[in-house]
Amino acid sequence: MSSSPGVRSKTRVAIVGCGIGGLTCALALGQYSSLEVSLYESAPKLAERGAGITIWARTWEILKKLGLEQDLVALLPDDVKIEDKPTVAFQFRKADQGKGLSFYELKTNGGSLNYHRGEFQQVLLRHISSTVKARIHLGKRLVSFEESEQGVELVFADGSRANCDVMVAADGIKSVSRRVLLNELARKASDAGEDSAEYTETIDPIFSGTVAYRGLVSSKILQEKFPNHRTITTPTNYWGKNKHLIVYPISQGRLVNVVAFCSDRSLEGTTYKGPWVNDTPTNEFASNYASWEEEVRVLVENVENPTAWAIHALKPLKTYVSRRVALLGDAAHAMTPHQGAGAGQAIDDAFVLSALLGSTLCNPESIPQVLQAYNAVRQPFGNRVVAASRAQGLFYEFNAPGFEDIHSEGQDTISKARLEEGAEQLVQTWVWLWTTSATEERNRALKMLEESTKRIE
């Protein structure tokens, strides 16, 4: 598949999965006339499950570059101002007792921006439909793919096939693409007499030991039940032994997003029995917080149509790529949600990968070098965030080092100073979300691509 002298062949990009990562990648790729983009989604229609996502300054920088600022600002409450100065992102509160205690305000540049996942997806879709010459194929469930020197052939459950020069696998935590890619790398390692376990042991997600109950509360109802409830205006992180809640307003303040976590550390790494996502009665999950302070009880007792999510994560992958396939988002680094970084990391992936694929150095023949540059930047970073997110969840539930003496809910032996110290420790591993820029990583990846192509020449 060589190009004619002076003529650059269009690089055919297939994106598998139309979640936030896949759609962001499609939008970012749409600015390059050298690319031909197709999207494949297993569902018959596009609809995001789950309620809220958090966007930090690092991710906001990318979204502005993609031209989404105006539409996304319109989804925020009128009193939210995005400014490059310290803004309260979360209030931390110990709440697993009769009377709660606020002990820390997390202030970050720009604060945290919180969205309904479905509304965020609709913004992406509108921009793709108006600016990107890409076709979205629905009802296309990938079952396998085959790589060759010439490209990738995708095989779908309905018997159809598609061909591309490079495949972007954004098919989520249960990624078929990851399974195929890692099994093939394991086979090659075994054939070469090398250890294949480092690939096979990271294929399947592992249960974190945590179940998250997700749902929405009407701000109007919350105001009636508990006037001036802090979460109507202020994102709040409620701490407790083996349980915590992340709560914040979304949809221009009309709704409050509630994610209530219950953990059993002894179950981490075991096989979860039952569906990963399930509807649950409000009173059933609310009973987990019966001994907590009133403002938490009011929240959980008024959640509409809650769902229970068994939180899974991936072990760190040795690689996110093969020669012509790149894993993106949860397919590469599915993580627990404790840093609010999952969606942002998928957007980071899309930002870096799209710049490489759109580079003048990218053509159907140079795809392996393009993906190696992507992997060199994103694989170590994504794996670090997976570990940091897990560690942060331990702080929220008094299971981190330094809290070994906290054995049960409601212990009031934790001083405010000790709580503040714990908060300061976790912030040190969180600060990257509002103090670093993915632009630096993009530029580093482009420099790597330039150097690798020079070596080949």
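Worth pointing out:
- The slack between Gln97 and Glu268, meaning 0.36 nm per residue of separation minus the straight C-alpha distance, is 59.0 nm.
- Residues Asn399 and Asn183, FRET efficiency given R0 of 30 Å [Cβ-Cβ distance, rounded to 0.05]: 0.30
- If the chain linking Lys107 and Ser415 were pulled fully straight, counting 0.36 nm for each residue of separation and taking away their Cα-Cα distance, it would gain 108.7 nm.
- Per-residue [θ]222 nm for the chain (sum of -39500 (n - 2.57) over DSSP H runs n ≥ 4, rounded to 500): -11000 deg cm²/dmol
- Semi-axis lengths, largest first, of the ellipsoid equivalent to region 278-426 are 40, 20, 12 Å, with √(5λ) applied to each eigenvalue of the Cα gyration tensor.
- Taking a straight Cα-Cα cut-off under 25 Å and skipping sequence neighbours fewer than 8 places away in the same chain, the lysines within cross-link reach of Lys85 are Lys64, Lys65, Lys107.
- Two-site label geometry, Ser33 and Asp158: point separation in nm, points 7 Å out along Cα→Cβ: 3.3
- Shape box of region 7-161 [Cα atoms, principal axes, largest first, Å]: 62, 38, 27
- Length gained on full extension, Lys65 to Ser9, computed as 0.36 nm times the residue gap minus the Cα-Cα distance: 17.5 nm.
- Cα Rg, Dmax (largest Cα-Cα span) when computed across region 205-323, Å: 16.2, 58
- Cα long-axis angle, helix 438-456 against the chain (0 to 90 degrees, to the nearest 10): 20
- Angle between the chain longest axis and helix 342-357 axis [Cα atoms, degrees, rounded to 10]: 20
- At an R0 of 30 angstrom, the distance between the Cβ atoms of Lys220 and Glu294 translates into a FRET efficiency of 0.95.
- Region 107-134 and region 255-292 have Cα centres spaced 28 Å apart.
- Dipole magnitude for the chain: computed about the Cα centre from +1 point charges on Lys and Arg Cβ and -1 point charges on Asp and Glu Cβ, it is near 800 debye.
- Region 269-362: equivalent-ellipsoid semi-axes (sqrt of 5 x gyration tensor eigenvalues, Cα, Å): 38, 16, 11
- Take Arg384: with every protein chain present and a 1.4 Å probe, its accessible area is about 140 Å².
- For region 377-457, the pair-distance distribution built from all alpha carbon pairs, in bins 5 Å wide starting at 0, is 3, 12, 17, 16, 12, 10, 8, 7, 5, 4, 3, 2, 1, 0 percent.
- Ordering of 197-203, 358-364, 224-230 by burial proxy (mean other Cβ atoms within 10 Å per residue, highest first): 358-364, 197-203, 224-230
- In order along region 101-114, phi translates into HN-Hα couplings of 9, 7, 10, 6, 10, 7, 10, 9, 5, x, x, 10, 9, 10 Hz, rounded to whole numbers, per the Karplus curve 6.51 cos²θ - 1.76 cosθ + 1.60 with θ = phi - 60° and x for Gly and Pro.
- Inverse of mean 1/r across different Cα pairs in region 187-244, Kirkwood, Å: 16.4
- Computed from backbone phi, the HN-Hα couplings of region 375-383 come to 5, 4, 8, 7, 5, x, 5, x, 5 Hz, rounded to whole numbers (Karplus: 6.51 cos²θ - 1.76 cosθ + 1.60, θ = phi - 60°; Gly and Pro given as x).
- Each peptide in 32-45, 268-281 receives the mean, over its residues, of other Cβ atoms within 10 Å, and ordering these scores from highest gives 32-45, 268-281.
- Per-pair calculated FRET efficiency, R0 = 51 Å: Lys85 and Glu201 via Cβ, rounded to 0.05: 0.65
- When the residues Asp165, Asp264, Asp195, Asp171 are ordered by accessible surface, computed with a 1.4 Å probe over the protein chains alone, the sequence from largest down reads Asp195, Asp264, Asp171, Asp165.
- Geometric extent, Cα atoms of region 65-140 - Rg, Dmax (angstrom): 18.1, 57
- Considering only alpha-carbon pairs that sit under 8 angstrom and 6 or more positions apart, the relative contact order computed for region 129-178 is 27 percent.
- Start at zero, step by 5 Å, and the Cα-Cα distances of region 132-261 spread as 2, 8, 12, 12, 10, 9, 10, 11, 10, 8, 4, 2, 1, 0 percent across the bins.
- Cα convex hull of region 153-220, projected area averaged across orientations, nm²: 8.8
- Computed as a quarter of the hull surface, the mean projected area of the alpha carbon convex hull for the chain stands at 22.7 nm².
- Considering only alpha-carbon pairs that sit under 8 angstrom and 6 or more positions apart, the relative contact order computed for the chain is 21 percent.
The values are calculated or read from the model by the stated rules, or taken from the named source; none is laboratory data. All of these numbers come straight from a predicted model, not from anything done at the bench. We place every Cβ from the backbone using ideal geometry, glycine too, and count neighbours over all the protein chains shown. Ligands, DNA and RNA are excluded from the accessible area calculation, which covers all protein heavy atoms including side chains. Shrake-Rupley method; radii C 1.70, N 1.55, O 1.52, S 1.80 Å.
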